[in-house]
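Asks: Pasting a structure here, questions to come.
Where a number appears in this text, it was derived from the coordinates with a stated rule and is not lab data. Owing to the predicted nature of the structure, the values given are computational and were not obtained by experimental measurement. Virtual Cβ from ideal backbone geometry, glycine too; neighbours counted across all protein chains shown.
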Amino acid sequence: MRLIDGKAIAQEIKEEVRDRIASEGIKAALAVILVGNDPASQVYVGNKKKACEFCGIRSISHELPAETTEEEVTELIRKLNNDPEVSGILCQLPLPEGINEKRVIETIAPEKDVDGFTVRSAGALFAGEEGFLPCTPAGIIELLKRSGVELEGKNCVVMGRSNIVGKPMAQLLLRENATVTVTHSRTKNIREITSRADILVVAVGKPMMVDAGYIREGAVVIDVGIHRLNPDENGGRKLCGDVDFESVKEKAGLITPVPGGVGPMTIAMLMANTLKAAAASCDSNRRKFRNALSEMRRSLS
């Protein structure tokens, strides 16, 4: 068994983002909207701010009270859509009860959807067109490639069919010419299906559900889940994933730990998407300037 070091690979990506921003003089800014005081969300937002600082991306934070209305959130997003200094917009989920997450996300302009959550982004992914990829599935592809895992022709199984991880993960694996099966809560004989997988991506949202009986000997196991268990004897809180790591580790060929596996990659890919948005905006502004200059020259001739 060999661990896939998500922290190290995420650091590589953030360094690449930082170096390109510095060398090309790109001005990138990420606006993050946090509604309410969910502790886990506050931690995630704090980690994103630190990553922005490291990469040279300006972090714009909008921390709103839980009583904020849906209209107030969407109005803020519209203002950020029209702000030329904002490269990307991220609305931290989950949102408080009473706010329709889908309506809020769909308010984000497609060119600033650095989370890759809008229907426009999902459609581009499905059609194989250019767009922003959801950060977690894109991060998993980078984890696999940078760990030397060949994807073409491999039998891949994705456990879970969420719009955020499962479905886009299957699409990205198909892009890499893998053979993909998606399992879910209604799938029959799941263990039989997963135990044939060369690469198993687990995103079921259930602590330590997947044990050694789900795994083929030597398989690559990617654990997307993260859960806090009851306080341990030392008074702390233990983190675990969807995979029973102790049960699986000796059977898997490669495996991601929790924490330190997929989690850091999600933030790294958010930085990469923000750079992509900023660079596209720069290119667009250059084209507009050139067109305006050409038009001016024509009018003077």
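Asks: With θ set to phi - 60° and the Karplus curve 6.51 cos²θ - 1.76 cosθ + 1.60, what are the ³J(HN,Hα) couplings of the range 184-198 in order, to the nearest whole Hz, using x for Gly and Pro?
Replies: Computed from phi, the couplings for the range 184-198 are 7, 5, 9, 6, 8, 6, 4, 4, 5, 6, 5, 6, 9, 6, 6 Hz.
Asks: I need to check one value: relative contact order of the range 135-263, counting alpha carbon pairs closer than 8 Å and at least 6 residues apart, in percent.
Replies: 22
Asks: For the range 9-87, which GluC sites (Glu not before Pro) are both in a DSSP coil and crowded by at most 16 other Cβ atoms within 10 Å?
Replies: In loop regions of the range 9-87 (DSSP not H, G, I, E or B), the sparsely surrounded GluC sites (Glu not before Pro) are Glu67, Glu85.
Asks: Mind checking the full-extension length gain between Lys206 and Ala22? Use 0.36 nm per residue of separation minus the Cα-Cα distance, one decimal, nm.
Replies: Stretched out fully, the Lys206 to Ala22 stretch lengthens by 62.1 nm.
Asks: By a straight-distance test (C-alpha under 26 Å), which lysines pair with Lys79 as possible cross-link partners, with residues fewer than eight away in the same chain excluded?
Replies: Within the straight-line cut-off, Lys79 pairs with Lys27, Lys48, Lys49, Lys50, Lys102, Lys112, Lys276, Lys288.
Asks: For the chain, what is the relative contact order in percent, using Cα pairs closer than 8 Å and at least 6 residues apart in sequence?
Replies: Answer for the chain is 22 percent.
Asks: Based solely on its DSSP helices, what 222 nm [θ] is calculated for the chain when runs of n ≥ 4 H residues each add -39,500 (n - 2.57) and the sum is averaged over all residues, nearest 500 deg cm²/dmol?
Replies: Using -39500 (n - 2.57) per qualifying helix, the result is -14000 deg cm²/dmol.
Asks: Can you give the convex hull volume per residue for the Cα atoms of the range 11-109, as a whole number of Å³?
Replies: Hull volume over Cα atoms, normalised by residue count, gives 94 Å³.
Asks: Just the Cα atoms of the chain, one point each, no solvent: what log10 I(q)/I(0) does Debye give at q = 0.08, 0.14 Å⁻¹?
Replies: The Cα Debye sum returns log10 ratios of -0.39, -1.10.
Asks: For Lys249, which lysines qualify as cross-link partners when the Cα separation must be under 24 Å and same-chain residues fewer than eight apart are set aside?
Replies: Lys7, Lys145, Lys154, Lys206, Lys238
Asks: Taking Cα atoms, how many degrees apart are the long axis of helix 135-146 and the longest axis of the chain, rounded to 10 and kept between 0 and 90?
Replies: Once rounded, one gets 70 degrees.
Asks: A further question on this structure: Where does the Debye-calculated log10 I(q)/I(0) of the range 89-186 sit at q = 0.15, 0.20, 0.23 Å⁻¹, using only Cα point scatterers of equal weight, no solvent?
Replies: Log-scaled intensity ratios, in q order: -0.65, -1.03, -1.22.
Asks: Roughly what percent of Cα-Cα pairs across the range 135-263 reach past 21 Å?
Replies: Every Cα pair in the range 135-263 considered, those over 21 Å come to 34 percent.
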